[in-house]
Amino acid sequence: MKYVERIVRYDKITSMSEILRRYFVMNAFDGALTTFGVLIGAFVGGIKDPSLVIKVGLATSVAVGVSGFTGAFFTESAERKRELKQIEVAVHRKLDKTELHRAYSFASFATALVDGLSPFTASLFILSPFLFSFGGLTIESLYYYSFGFAIISFFLLGAFLGKVSKENIILTGLKLVLAGVVCMGIIMLIE
């Protein structure tokens, strides 16, 4: 319980929950859209081996996740250090080993963790028909289920944004679905 209390206190100090929410949605959408693009490319390219789709999809989601984690960690750490130095100048003392320093460090790590895990999690959800296919389904069925899971992901992320912004959740959900359809259209034109 003390750990949860500490996180709540760190959130009050850093306002990290707002940043975490933004990074979660933004990067889950990145992961979902990237995986959707990979699936469409594999489908149009005629890849019939489910294990190949899984390997390419997972490799892509790992790359997006690692990119998100490292990019967010270094960016957030730099921003938090800058803020901390400004506070140190204002109060005329070093803030190492203080609650403020620990809160800022925790916020940087938490942000990076959310930034890295959200695209990976979204990708796993979309790839799940391929990951958990126990026979009996054709490769085309696996693709169609994954496409459906991608559309569901887009809609749920959009609906979440609608809830946050107190807008129509159906409409905001459909906006992200439209982004996915536009992506599909562009990929189909390229192919």
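The values are calculated or read from the model by the stated rules, or taken from the named source; none is laboratory data. Remember, predicted model here, so these are calculated numbers, not experimental data. Cβ: placed from backbone, ideal geometry, glycine included. Neighbour counts: every protein chain shown.
General observations
- With respect to the conditions (1) touching an Asp or Glu at 6+ places or on another chain (Cβ under 7 Å); (2) of a type in the set (Lys, Arg); (3) at pLDDT 90 or above, Lys94 lacks only one, and its number is (3).
- Selection within region 2-47 - at pLDDT below 90, at positive phi and not polar (S, T, N, Q): none
- Yes/no for Val66 being touching a residue at least 12 places away in the same chain (Cβ under 8 Å), more than 21 Å from Val177 (Cβ to Cβ) and loosely packed, with under 14 Cβ neighbours inside 10 Å: yes
- Residue match in region 140-163 (condition: of a type outside the set (S, T, N, Q), outside any helix (DSSP H, G or I) and within 22 Å of the chain's Cα centre (by Cα)): no
- Filter result for Val182 (of a type in the set (A, V, I, L, M), in a helix (DSSP H, G or I), out of contact with any Gly (no Cβ under 7 Å at 6 or more places or on another chain) and more than 24 Å from Gly45 (Cβ to Cβ)): no
- The set of residues from region 92-115 being without any contact (Cβ under 8 Å) to a residue 24 or more places away in the chain and among the hydrophobic types (A, V, I, L, M, F, W, C) comprises just one member, Leu95.
- Exactly one residue out of Ile47, Ile40, Ile19 is in contact with a helix residue (DSSP H, G or I) (Cβ under 8 Å, 6 or more places away or on another chain), surrounded by fewer than 18 Cβ atoms within 10 Å (Cβ to Cβ) and β-branched (Val, Ile, Thr): that is Ile47.
- From the list Val89, Val56, the one residue that fits, being more than 20 Å from Ser153 (Cβ to Cβ), aliphatic (A, V, I, L, M) and without any contact (Cβ under 8 Å) to a residue 24 or more places away in the chain, is Val89.
- Out of Arg9, Arg21, one residue alone is farther than 17 Å from Val114 by Cα and of a type outside the set (Ser, Thr, Tyr). It is Arg9.
- Yes/no for Leu124 being in a helix (DSSP H, G or I), touching a residue at least 60 places away in the same chain (Cβ under 8 Å) and touching a helix residue (DSSP H, G or I) at 6+ places or on another chain (Cβ under 9 Å): yes
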